[in-house]
Amino acid sequence: MSSIKSSYSIPTECKHLQNYKLKHGLKGYNLIRDSVKIDSFGKSVIDKSKLQVPRCSFCSGCQGRLFLCLICSSMSCSLSPESNHTLLHSQSFSGHEIYVELEMAELYCMVCSDQVYDPDFDKAVVSKQAVGLGLSRRNEDGELRLSKRKRLNFGLDLELKSIKRFISLRDQYSKSCIPLGLRGLNNLGNTCFMNSVLQALLHAPPLRNYFLSDRHNRAMCRKRSSDRRLCLPCDVDVIFSAVFSGDRTPYSPAQFLYSWWQHSENLANYEQHDAHEFFISMLDRIHETEGKAGHVIRDNGDCPCIIHRAFSGLLRSDVTCTSCGFTSSTYDPCVDISLDLDTSTSGRDPGKLSKLNESIGTSTLVGCLDLFTRPEKLGSCQKLYCENCQEKQDSLKQLSIKKLPVVLCLHIKRFAHSPVKKLSRKIDAHLEFPFSLDMKPYLSSSIVRRRLGNRMFAFQDDDIDINTEFEVFAVVTHSGMLESGHYVTYLRLQNQWFKCDDAWITKVNEEVVRASQCYLVYYVQKVLYHKGSEDVSCQPLSSHADAFVPIAGCC
């Protein structure tokens, strides 16, 4: 692990939002606050009744997403990238860059093509929400003081009327049979990459069991007093508490974002980042923190932290001399497996992928795994030293899986790089993936048996009791281009799929998921998936909103 400096500064916000605030201050925010109402589920939305019939000023339509310009109050729509009148309005009028999305009352920068986060705007909307729910108080000076965003124990500090109102809202969600733990995450400015991965990890059974069983207690965490930096697992624990509290209003993971920035300073900015890069970074930082908390490495070399217990697997690499047949094996730990798309692109220049994408057919996940474990002949410039021949020889290299993790993350390589033309492009090929996956054919024992002709003999890598059957529970997808795109997560809970698009949570059918451009596919051992579905069902919440039952046999 690389060392991280203790100095830290919060990255600057969207420059277009900065320019808007310098010229116009908070006047537009205050006007928007007067147009905010609280819907029946306690969510802040724009009161469209005050806007007459909300229609696009360009086409007079009311379909798609509607945006309100904070400069001229003009209404415009966005049906698709090809039919975006809001973008047209922004390009037609200089300085008209910041908008409010009507459905969710969220700030949006049309130049950045993403939601942007501003504490001042958030405060204006939240203050309206607090007044609407009766959750605000006034201090001795008569000034409005906002309660903290809801946590598991927030109701203890509220008056009786506030508690009754919250219980009423909570019961509405219970009756709607929405699984516990489904909650939107606000986009804080190009943070869809973070939100998409968080949604997947929040519903990974080992992590869910670990944090909701109070295995990482924030009050007792020694990191708070021993390190000037924030404790990332503590902030993850806060998110788990908030998401599984029963509150369905979108949650802003700002504290977690700041904490992650402090632990990953090279990524501390409001630019769009790669979801896979964030996933690896987050796991590394939690492992680093938990490792310093006093965990002792086991005799077999395994780290007992929750990250390794959930995601850690072991890859085996066999290099076989083509001259004498001698095989040498090495083992490497992994927390995910990166797969090339099973297309006919081998031997082609990635710089030609723009034309290739038009003719690429459909790949399959099974084909990608077959390609991953297929023997590969090393080139003449990659000759390796053979211990038996005592000289460098041509050889074959083959990968296999020695040890399967509890949670299997498969990373699909959709971003190809051409070192010759110095170009990077996205591969838009469709990938078919099964909801149920048997990993037995890709185990080292199976691979070596096939290589040796399926001879019947005891093999040192044989694991009789190993669980090889997995069920998909989360899919992170990427749409758009390499330079600019959007991440969305599909969650499978109780065999029902839900689309998590930042603050928006909607039910979808499995055809929508199968048609998506999957980038990260998360599987969990089959037995844990079914147990997890039983525990996180659409059950009424207790008065303490602590309805989680630990999963037997889970980390």
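So, in nm, how far is label Val366 from label Ser92 when the simple model puts each one 7 Å beyond its Cα toward the Cβ?
Distance between label points: 5.3 nm.
If a/c stays under 1.5 just call it rounded; otherwise compare a/b with b/c (prolate if a/b is bigger, oblate if not). Do that for segment 72-120, with a ≥ b ≥ c from the square roots of the Cα gyration tensor eigenvalues. Show your work: numbers first, answer last.
Working: a/c = 1.62, a/b = 1.33, b/c = 1.22.
In terms of gyration-tensor shape, prolate.
So, by mean Cβ neighbours within 10 angstrom, what's the order for 306-312, 272-278, 324-330 with the highest one leading? Present the calculation step by step, with values, prior to reporting the outcome.
On the way: 306-312: 22.0, 272-278: 18.9, 324-330: 12.9.
In decreasing order of mean packing, 306-312, 272-278, 324-330 become 306-312, 272-278, 324-330.
Can you tell me which of 183-190, 106-113, 373-380 comes out highest on packing, and rank the rest after it, using the mean Cβ neighbours within 10 Å?
Going by the mean number of other Cβ atoms within 10 Å, highest first, we get 183-190, 106-113, 373-380.
So if each residue of separation counts as 0.36 nm, and I subtract the Cα-Cα distance between Ala254 and Asp394, what length gain in nm does that give? Intermediate results must be reported in sequence, preceding the final value.
Values: separation 140, 0.36 × 140 = 50.40 nm, distance 5.33 nm.
Residue separation times 0.36 nm, minus the Cα-Cα distance, leaves 45.1 nm.
May I ask you to compute the full-extension gain from Asn30 to Lys507, defined as 0.36 nm times their residue separation minus their alpha-carbon distance, rounded to one decimal in nm?
168.3 nm
In nm, to one decimal, how far is the Tyr331 label point from the Arg65 one, both placed 7 Å along Cα→Cβ?
Taking the simple label geometry, Tyr331 and Arg65 are separated by 4.8 nm.
Which pairs in the list Lys21/Lys123; Lys383/Lys440; Lys403/Lys526; Lys403/Lys440; Lys15/Lys499; Lys413/Lys440 are over 21 Å apart, alpha-carbon to alpha-carbon?
Details: Lys21/Lys123 15 Å; Lys383/Lys440 31 Å; Lys403/Lys526 16 Å; Lys403/Lys440 11 Å; Lys15/Lys499 30 Å; Lys413/Lys440 23 Å.
Lys383/Lys440; Lys15/Lys499; Lys413/Lys440, as the Cα separations exceed 21 Å there.
Name the residues whose placed amide hydrogens come within less than 5 Å of the amide hydrogen of Ser74, ignoring near sequence neighbours (fewer than 5 apart) on the same chain.
Cys69
Along Cα→Cβ, 7 Å out, is where each label goes; now give me the distance between the ones at Cys381 and Ala515 in nm to one decimal.
4.5 nm
Can you list the residues, at least 5 places off or on another chain, whose amide H is less than 5 Å from the amide H of Phe415, using H built in the peptide plane?
Those qualifying (amide H under 5 Å, at least 5 residues apart or on another chain) are Ile427.
For Gln517, which sequence-distant residues (separation of 5 or more, or a different chain) have an amide H within less than 5 Å of its own amide H, given hydrogens modelled in the peptide plane?
His478
Show me the ranking of peptides 438-450, 396-408 by mean Cβ neighbours inside 10 Å, starting with the highest.
396-408, 438-450
As an exercise, use a Förster radius of 60 Å and the Cβ-Cβ distance of Cys324 and Gln18 to find the FRET efficiency, rounded to the nearest 0.05.
Numbers: r = 67 Å, r/R0 = 1.11.
My answer for the efficiency is 0.35.
Length gain on complete extension for the stretch Val111 to Asp214, per 0.36 nm per residue less the alpha carbon to alpha carbon distance?
Values: separation 103, 0.36 × 103 = 37.08 nm, distance 4.25 nm.
Extra length available between Val111 and Asp214 comes to 32.8 nm.
Just so you know, all these numbers are worked out from the coordinates, no wet-lab data involved. What you see is a predicted model, and the numbers here were worked out from it, not measured in a lab. As a convention, Cβ positions derive from the backbone with ideal geometry for all residues, glycine included, and neighbour counts pool all protein chains shown.
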